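Some notes on the structure that comes next.
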Amino acid sequence: MASTVDSSNTDLFSSAPALQSNLGILSPDQIELAKILLENGQSHLFLHWPEQGVCDNDKLGFFDQIARLNSSYPGGLASYIKTAKELLADSKLGKNPYDGFSPSVPSGENLTFGNDNFIDMEKRGVVEARNAAFVLVAGGLGERLGYNGIKVALPRETTTGTCFLQHYIESILALQEASHKVASDGSQRDIPFIIMTSDDTHSRTLELLESKSYFGMKPTQVHLLKQEKVACLDDNDARLALDPHNKYMIQTKPHGHGDVHSLLYSSGLLDQWLDAGLKWVLFFQDTNGLLFNAIPASLGVSATKQYHVNSLAVPRKAKEAIGGITKLTHADGRSMVINVEYNQLDPLLRASGFPDGDVNSETGYSPFPGNINQLILELGSYKEELQKTGGAIKEFVNPKYKDSTKTAFKSSTRLECMMQDYPKTLPPTARVGFTVMDIWLAYAPVKNNPEDAAKVPKGNPYHSATSGEMAVYRANSRILQKAGVKVEEPVKEVFNGQEVEVWPRITWKPKWGMIFSDIKTKISGNSEISQRSTMAITGRNVFIEDLSLDGALIVDSIDDAEVKVGGSIKNSGWTMENVDYKDTSVPEEIRIRGFRFNKVEQLEKKFTQPGKFSLED
Ligand SMILES: O=c1ccn([C@@H]2O[C@H](COP(=O)(O)OP(=O)(O)O[C@H]3OC[C@@H](O)[C@H](O)[C@H]3O)[C@@H](O)[C@H]2O)c(=O)[nH]1
Ligand SMILES: [Mg+2]
């Protein structure tokens, strides 16, 4: 219905005379949006508007943005403002969002790398992988890291320089292939890969994919879903904030990774996946170089236990910036197992019979497992739930108040939501579980800049570019140790003010070995690798047999070449040089690590012909 200004809303518009005098330039739809704003206490947005004829294009631009904000939020701006007022009032009162619930330590599935159960779970996971879709949430700016590029373009490790996105794609492709090999009907299916982006990351993510031919994935296999930002709020009345640089624009900020559910729901992909027979949706975050060490076994757990929701977790250090998986039991008997975010765990515990708050137990860890925000959801029940909720996730607000009167904010705030809050609306019959794995195997995110990382309490993980890379070498070294290789123990070194274990710099492509039983088939005899060594395997059929490595070795081969890597290899190798993070003459992705390699000498072998070879060939 075309809308005009009739007698019933002259009152409304007379509350904003500057807007009223401009109604002539607005379309009926825009007038409708203006009404929504005025009805919801937003007349301040027009106070500075000059008379009609001045800056009219800016005014129309303003309404373009309002239309976007209104259509991209379930229930529109009116609903956003209403929720904001309620949450801001609760926050001002200091209301505990977990009121009525008491926390306790939940019990979950524990996996130990390399034992029989782990190996069985990995094999089961590989069978299931062909029924999975992967969803990467990568809309965040990474403010804590402060890196200027997109985080998925950062090298996971600098021995090969492979970036996170490439590693993720190659891991999914390796799983896809391994899964087809064991599929009973032998049919082929491409595992869908979804990336949630935002205005901050979208074009750079797309450019990276296109410039690298999607790292070998079919472009049709990859879908980008862009999340929109939400309006910022200036005060407890949820008055929308104007952009400090443009008075005809609302300031916006990210709404959080919880948007992924409504985006997936509205994309129509879930129905396609169900029709195609898929069973699992796996969510993961932008910078965890160890993640795919944990995927096959935990997918196996989901399948075996028939979990609707399976969250991956690692032992958590008190006050570490990762959420705690908690059992919350309500006075009325309801209970749920859910992530309590790291900034809320301490106050929740203090308010409910744990006077010391978030502290380590006698094990040296928090009794609450740490959420690594890798979720495995069963597709059927997920779709059913989203049909009820439309993908809306419980929101929260986290204003930073100027003072104890809690009336003014230090800077504008906004509503946020988190993807791991998805189980909050599930019925009590839902099978919600979690799987705990070793930190060295499963979790090493890159979130903190060097300065903040160096200030992390002693013994807590740094979550920096330095620790993220060192964790890849540690995990690979330990996996080879378990497979029978004598890998020399690490030395401690300090980079960018952080003391880390430096293991031999061992890397391989996912297709070389995705699960432990595969890796073991690639290793035989008695092999040893010294601490100062570097070993990069980029070929598939590379077999390590009676190798003694003290230096640097790079082996690349085509799939049809079978290469035996053995004998004694000794050279000057690659040394590590300290780099200061403040030294802007060094590229940012290197200096945030605090070291770079000096490639003094290496044995580099490439096998480009089919056949059987050994290193001497
Ligand atoms: O609006 C957003 C915000 C974030 N994200 C993505 O969500 C992921 C996580 O973002 P952050 O790194 O800021 O998350 P945080 O470190 O604050 O906490 C997150 O990871 C650690 C877990 O223990 C926490 O429970 C979880 O919330 C990233 O991949 C980021 O790109 C979005 O896609 N959109
Ligand atoms: Mg964050």
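The values are calculated or read from the model by the stated rules, or taken from the named source; none is laboratory data. Note that this is a predicted model, so its numbers are computed, not measured. Positions of Cβ are generated from backbone atoms using ideal geometry, with glycine treated the same way; all protein chains shown enter the neighbour counts. Heavy atoms of the whole protein, side chains included, go into the accessibility calculation; ligands, DNA and RNA do not. Shrake-Rupley method; radii C 1.70, N 1.55, O 1.52, S 1.80 Å.
In angstrom, the C-alpha Rg and Dmax of the stretch 245-305 are 17.4, 56. When the alpha carbon gyration tensor of the stretch 173-290 is reduced to an equivalent ellipsoid, its three semi-axes come out at 37, 17, 12 angstrom, largest first.
Amide H to amide H, with H built 1.01 Å from N, Thr252 comes under 5 Å of Cys232, counting only residues 5 or more places away or on other chains.
If you bin all the Cα-Cα distances of the stretch 530-596 at 10 Å, starting from zero, the percentages per bin are 20, 33, 27, 18, 3. Taken along its principal axes, the alpha carbon cloud of the stretch 98-444 reaches lengths of 66, 50, 44 Å, longest axis first. Of the listed residues His48, His330, the order by accessible area with a 1.4 Å probe, largest first, is His48, His330. Helix-only arithmetic for the chain: the sum of -39500 (n - 2.57) across DSSP H runs with n ≥ 4, divided by the residue total, places the mean residue ellipticity at 222 nm at -9000 deg cm²/dmol.
Label separation (Asp237 vs Arg144): 3.6 nm, computed from points 7 Å beyond Cα along the C-beta direction. With a Förster radius of 35 Å applied to the C-beta separation of Ala351 and Lys388, the computed FRET efficiency comes to 0.70. Stretched out straight at 0.36 nm per residue, the stretch from Asn343 to Arg68 would grow longer than its current Cα-Cα span by 95.9 nm.
Just round it to a whole percent: the fraction of Cα-Cα distances in the stretch 202-259 exceeding 19 Å.
For the stretch 202-259, the share of Cα pairs beyond 19 Å comes to 53 percent.
Taking the charge dipole of the chain about its Cα centre, with +1 at Lys and Arg Cβ atoms and -1 at Asp and Glu Cβ atoms, the residue from Phe368, Ala392, Leu136 reaching farthest to the positive side is Phe368. Of the solvent-accessible surface of the chain, computed with a 1.4 Å probe over protein heavy atoms with every protein chain present, carbon and sulfur atoms account for 48 percent.
Between Ala331 and Thr304, the C-beta separation translates, for a Förster distance of 41 Å, into a calculated FRET efficiency of about 0.75. Placing R0 at 41 angstrom, the Cβ-Cβ distance between Asp199 and Leu12 gives a FRET efficiency of 0.80 after rounding to 0.05. Per-peptide packing, taken as the mean over residues of other Cβ atoms within 10 Å, places 69-81, 393-405 in the sequence 69-81, 393-405 from highest down.
Using Stokes-Einstein with the Kirkwood hydrodynamic radius over Cα pairs, what translational diffusion coefficient do you get for the stretch 291-350 at 20 °C and a viscosity of 1.002 mPa s, in µm²/s rounded to a whole number? Roughly 159 µm²/s, to the nearest whole number.
Solvent-accessible surface of protein heavy atoms, probed at 1.4 angstrom with all chains present, puts Asp421, Asp275 in the order Asp275, Asp421, largest first. Restriction of the trypsin sites (Lys or Arg not before Pro) in the stretch 499-587 to DSSP coil positions whose beta-carbon has at most 15 other beta-carbons within 10 angstrom yields Lys582.
Expressed as a fraction of 2.2 N^0.38 Å, the value expected for a compact globular protein of N residues, the C-alpha radius of gyration of the stretch 455-512 is 1.22. In sequence order, the stretch 555-562 has phi-based couplings of 10, 10, 7, 6, 4, 7, 9, 9 Hz under the Karplus curve 6.51 cos²θ - 1.76 cosθ + 1.60, θ = phi - 60°, and Gly or Pro positions carry x.
Work out the P(r) tail for the stretch 309-383: percent of alpha carbon pairs separated by more than 14 Å, whole number. So the portion of pairs separated by more than 14 Å is 63 percent. Taking 20 Å as the straight-line reach from the Cα of Lys181, the lysines in range (excluding those fewer than 8 positions away in the same chain) are Lys123, Lys218, Lys279, Lys509, Lys511, Lys520, Lys522. Pairs spanning more than 22 Å between alpha-carbon atoms, out of Lys92/Lys247; Lys458/Lys492; Lys247/Lys447; Lys564/Lys605: Lys92/Lys247; Lys247/Lys447.
By the combined test of axial Cα extent (at least 18 Å) and Kyte-Doolittle hydropathy (mean at least -1.0), the qualifying DSSP H helices of the chain come to 56-71, 76-92, 116-129, 164-182, 291-305, 465-482. For the stretch 12-72, the Stokes-Einstein estimate of translational diffusion at 4 °C and a viscosity of 1.567 mPa s comes to 112 µm²/s, using the Kirkwood hydrodynamic radius over alpha-carbon pairs.
Report the relative contact order of the chain, percent, no decimals, based on alpha-carbon pairs under 8 angstrom and at least 6 residues apart. Before the final figure, lay out the partial values.
On the way: 1255 pairs, mean separation 84.0, N = 617.
Relative contact order here is 14 percent.
In the chain, Rg over Rh equals 1.01, where Rg is the alpha-carbon radius of gyration and Rh the Kirkwood radius from pairwise Cα distances.
Rounded to the nearest 20 debye, the dipole size of the chain about its Cα centre is 780 debye, using +1 on the Cβ of Lys and Arg and -1 on the Cβ of Asp and Glu.
Here, the stretch 452-616 has an Rg and a Dmax of 16.8, 53 Å when only alpha carbons are counted.
In the stretch 111-236, the alpha-carbon atoms span a convex hull of 181 Å³ per residue. Where the alpha-carbon atoms of the stretch 8-118 are placed on the principal axes, they occupy 76, 35, 24 Å, in descending order. With the highest mean first, a sort of the peptides 115-123, 441-449 on other beta-carbon atoms found within 10 angstrom per residue produces 441-449, 115-123.
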